[in-house]
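Read the structure below first, then the notes.
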Amino acid sequence: LLDFSKGALEHKVQVMDLNEITKRTLPFLKSATGRFRSDIQLSDDQLPVKVEPHLMQQVIFNLVNNACQAMSATSERGSEIAVPTRRSAHWAVLEIRDTGPGIEPSLRERIFEPFFTTKGEGEGTGLGLSLSLDFVRQFGGDLELESEVGQGSTFRVRLPLDVT
């Protein structure tokens, strides 16, 4: 599956504003995000990146949906998901931050492995984060995780700005 996802990606890549891709994706997540406070802070700057738009939407969808599922597991009042974007030097940065339970250090080491999941049988394939990392790297970027048990998690997507 991972090899198949690489396909003829170079033919579908185009320069698009990361803010626009994010705006187009978030409405598909209303049912997931509706239970939580949302803090969407898209940069005033345009963030032109060279991506395959549907795959980038899939990355955003996976990360936001996972964050909401993590917060649902704790069902604490006042849970919040934040989705800021910003420019940082030559990078466009998108973060997905949640106030969920955080991720244990032993799991952080494996979180991006294909087919690795902490979900119960029939609840997940273990491909969402692995594919997301693969897609972001194909676009010349990186996907990083910061997490503290009891404090939530932040997934940070960094993509090179296309200034041509």
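The values are calculated or read from the model by the stated rules, or taken from the named source; none is laboratory data. Values in this document were obtained by computation on a predicted structure and should not be read as measured data. Note: areas computed on protein heavy atoms with side chains; ligands, DNA, RNA excluded. Shrake-Rupley method; radii C 1.70, N 1.55, O 1.52, S 1.80 Å.
The figures follow:
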quantity	calculated
Apportionment of accessible area to carbon and sulfur, the range 24-103, percent (1.4 Å)	47 percent
Phi to ³J(HN,Hα) by Karplus 6.51 cos²θ - 1.76 cosθ + 1.60 over the range 80-96, Hz, x for Gly, Pro	9, 10, 10, 9, x, 10, 6, 9, 9, 6, 9, 10, 9, 10, 10, 10, 10
Surface accessible to a 1.4 Å probe, Asp17 within the full protein complex, Å²	40 Å²
Per-q log10 I(q)/I(0), the range 56-99, q = 0.15, 0.16, 0.30, 0.34 Å⁻¹ (Debye; single scatterer per alpha-carbon; no solvent)	-0.43, -0.48, -1.05, -1.17
Global form of the range 16-115, assessed from the alpha-carbon gyration tensor, a/c cut-off 1.5	prolate
